[in-house]
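Encoded as structure tokens, the structure appears first; notes follow it.
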Protein chains: 2
Amino acid sequence: MPRSVSRTPAITDVAKLAGVSVPTVSRVLTGSVPVSTERRERVLRAIQELGYRPNGAARALIKGHQSVIAVLAGATTRYGYALTIQGIEEAARLAGYIVMITVIEADDPDTVTKTIDLALANPVAGVIVLKFDPAGIAAVRAMPPGVPVVAVAGSRGSGVPHVVLDDTTAAMTATDYLLQLGHRTVHHIAVPLAGRRSGRSAGWRKALERASAEIPQLMEAGWDPHQAYEIGLTLAERDDVTAVLCGNDELAIGLLRALHEKGRRVPEEISVVGFDGHPLGALWSPALTTVRQDFVDVGRRAFREVVAMIGKEQPPQNSSGTPQLVIRESSGPPPETRRR
Amino acid sequence: MPRSVSRTPAITDVAKLAGVSVPTVSRVLTGSVPVSTERRERVLRAIQELGYRPNGAARALIKGHQSVIAVLAGATTRYGYALTIQGIEEAARLAGYIVMITVIEADDPDTVTKTIDLALANPVAGVIVLKFDPAGIAAVRAMPPGVPVVAVAGSRGSGVPHVVLDDTTAAMTATDYLLQLGHRTVHHIAVPLAGRRSGRSAGWRKALERASAEIPQLMEAGWDPHQAYEIGLTLAERDDVTAVLCGNDELAIGLLRALHEKGRRVPEEISVVGFDGHPLGALWSPALTTVRQDFVDVGRRAFREVVAMIGKEQPPQNSSGTPQLVIRESSGPPPETRRR
DNA sequence: CACACGGATGATAACGTTTTCATGCGATGC
DNA sequence: GCATCGCATGAAAACGTTATCATCCGTGTG
């Protein structure tokens, strides 16, 4: 009979029931040192009987080394975010780590610090910050020193190690593609943070500059595709717009809807290119041309990097994933070219 | 100068530097007992200087009460899954808890048990299982006794407390709606697990039975919208199909694409209704009629339930969220009615 | 036969924090 | 003016586990 009904069994209870010492039970559990078959079986039987389960806190305390990776993100449900987290989780699980998710909702320093403190109140081995938005930037800035931290971002940054998903190159590829089709210039509906430092907007601008094309006013949308829809309604009235690069596929789909409602034909009159490779983009009519980004892979790389930091090892060579232009139905030559 | 560069500072280091006892530092940290202003300031200064950060494992060990909630899920990126996790995370963070995510990849007992053991090797207060698929069912089954666990599912189940998202009612609502429009019957493309116990398929069947309508063969698709697309290609050839209820919005969009390619008009010839309320569904052409489910709310409810279990409190009254039929462009009366 | 050796085992220390208990001290009540 | 009380503080115990060290026993070697 267990000594106390209310208390969860501890290793001492197991040892007592099995008639062995506490360290022997521990040895059976960890398998670090051989234990005679007879005792091992007695111990296992006692564990079974008591429903014993080692206390993780005590384990973590003595081992000093933690096996939890904290992920800080401004959101979890957006396509790129969710996929990156998936990559982190998968790599972590395979390596025997567990991931903790904490959403950074605001970007004012106080709230961010409070949220980070909550996350870091638990024993974490390292931190991965999804630096895709202002909240992510604030999180990186608010990280206390001494904690291994890696940022995942669309472009390289300073302060902490960055694992990048080369957004700049990706946006240049997409913009170049549209220019080569004959478009005079390419308009751009950007996701937040697009202002100055977003890799996507930077790549778009750089490609236009290199081609000496006119650089139109950047249109900033939020994350909500409806905002791109609203922008699209006004864009549909303009006949100087023949190609639009969107900051992500959701925005592109919002834009497509607006153009459709206004009777503008895609790609005959206007070409639309999205960003990310959202699976639903392929099922639109017209199917969305996009730049596929390997978010899962960047998540895996971030995990490897943070583990290397923990172990003070040399980080693995940080190949940034190659973006892939996926040409589908929503892009083509501009109307002028067609008329020729 | 800190004593050792390599070691992270502990509470003893703070106490030494501040010239107070260890418990006093602890009292400053927890605020449980008043400390004289002078000492409090010395302690805070020492903490600042050392960059001290309390060890969560030691805290968890002594307090006995953990503040980590483990979430077990078959996937994280699918719309409903991601939103449920979002709801859990939000509620948890506000209550001072942190969530750990672990994906259950396979559904064979061995792998599942191993994954759960990995998750439970950490100090967790309770577990929430997303029982939306076979992996989730396997996880619930493999949970060791003694751990507070709540399942989130589309229909009520046994064994552990369930927080439900009344899929059955939702599917009945959608099916009734289509029948009332005049459709002779409603076809159904189901998500996995649809076999016998899925609430969605059950509701669809029940509504047809109640209306004494013919019950067509259920078509089972995976989670990939392309499978619904494939099914749609064959469905487009049949003229006995006038209404299709899909197991989720992604499948519905795959179906819409197939019908569009085959030149079948929606909703004039065929009505399509999705499930979940995916934001992109509203931007399709035609905009997708769907049954919106409040996943975020079910996540919140699951969290409250598991916290109640931990504290042995009476669980909050478990109102199952009311599904909401969102009628958009993809559904309408059947062709016969229109001809009249 | 004495001795070293190796393998299994138990006693004890250690991890870093909070809680409990005891102490000293100034203020208060009779 | 003495006993009592409350308050801030420090010493020590406690949480549950693993690591370290010593011990014991059996075996092989000289």
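The values are calculated or read from the model by the stated rules, or taken from the named source; none is laboratory data. Here the structure is a predicted model, which means the values were calculated and not measured. Virtual Cβ from ideal backbone geometry, glycine too; neighbours counted across all protein chains shown. We work out accessible area using only protein heavy atoms, side chains counted, and drop any ligands, DNA or RNA first. Shrake-Rupley method; radii C 1.70, N 1.55, O 1.52, S 1.80 Å.
Structure above, values below:
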read-out	value
Reference-scaled alpha-carbon Rg (2.2 N^0.38 Å with N residues) for chain B	1.31
Euclidean distance of C-alpha centroids, the range A:85-134 and the range B:80-110, integer Å	14 Å
In sequence order, calculated HN-Hα J values of the range B:281-290 (Karplus, 6.51, -1.76, 1.60; Hz; x Gly/Pro)	x, 5, 9, 6, 10, x, 4, 7, 6, 8
Virtual spin-label span in nm between B:Lys262 and A:Glu329, 7 Å along Cα→Cβ	1.6 nm
Tensor-based shape of the protein assembly as shown (alpha-carbon gyration tensor, a/c under 1.5 rounded, otherwise prolate or oblate)	oblate
Compactness relative to 2.2 N^0.38 Å, alpha carbon Rg of the range B:265-340	1.64
For the range B:122-134, 3J(HN,Hα) per residue [Karplus equation, 6.51 cos²θ - 1.76 cosθ + 1.60, θ = phi - 60°, Hz, x = Gly/Pro]	8, x, 10, 7, x, 10, 10, 10, 7, 8, 9, 7, x
Pseudo-label separations to other copies for A:Ile215 - Cα-to-Cβ vector, 7 Å, nm	6.5
Contact order normalised by residue count of chain A, Cα under 8 Å, 6+ apart, percent	15 percent
Lys, Arg +1 and Asp, Glu -1 on Cβ, resulting dipole of the range B:1-157 about Cα centre, debye, nearest 20	780 debye
Shortest-first nm distances, B:Glu329 label point to equivalent points in other copies (7 Å, Cα→Cβ)	1.5
Cα centre as origin, Lys/Arg/Asp/Glu Cβ charges: the range A:11-54 dipole, Debye	60 debye
Student exercise, the range B:148-233 dipole from Lys, Arg, Asp, Glu Cβ charges, in Debye to nearest 20	280 debye
Chain A: angle of helix A:199-210 to the longest principal axis, Cα-based, in degrees nearest 10	30 degrees
Average other protein chain Cβ within 10 Å of Cβ, residues B:89-102	5
Among B:Val273, B:Gly159, B:Ser331 the positive-end extreme of the charge dipole of chain B (Cβ point charges)	B:Gly159
Amide H within-cut-off set for A:Val163, under 5 Å, with H built and near neighbours excluded	A:Ala151, A:Val152, A:Ala153
Cα centroid separation, the range A:142-157 to the range A:242-292 (Å)	33 Å
Amide H partners (placed H, <5 Å) of B:His278, local residues excluded	B:Asp249
Surface per residue (accessible, 1.4 Å probe) for chain A, Å²	44 Å²
Contact order relative to length of the range A:1-149, as percent, for alpha carbon pairs under 8 angstrom and 6 or more apart	21 percent
Global form of the range B:144-287, assessed from the alpha-carbon gyration tensor, a/c cut-off 1.5	prolate
Built amide H within the under 5 Å cut-off of A:Val326, gap 5+	A:Thr290, A:Val291, A:Arg292
Helix B:295-310 axis, angle to chain B major axis (alpha carbon atoms, nearest 10°)	40 degrees
Cleavage-rule hits (trypsin sites (Lys or Arg not before Pro)) in the range B:20-81: DSSP loop, at most 10 neighbouring Cβ within 10 angstrom	none
DSSP-assigned coil residues among GluC sites (Glu not before Pro) in the range B:39-122, each with at most 16 further Cβ atoms within 10 Å	B:Glu105
DSSP-defined beta bridges in the protein assembly as shown - what % are antiparallel, rounded to 5	15 percent
Relative contact order for the range A:11-54, counting Cα pairs under 8 Å that sit 6 or more residues apart, in percent	43 percent
Inter-chain Cβ neighbour average for residues A:222-229, partner chain, 10 Å	1
Karplus 3J(HN,Hα) series, Hz, for the range B:65-77 with 6.51 cos²θ - 1.76 cosθ + 1.60 (x for Gly, Pro)	8, 9, 10, 10, 10, 8, 10, 10, 9, x, 6, 10, 8
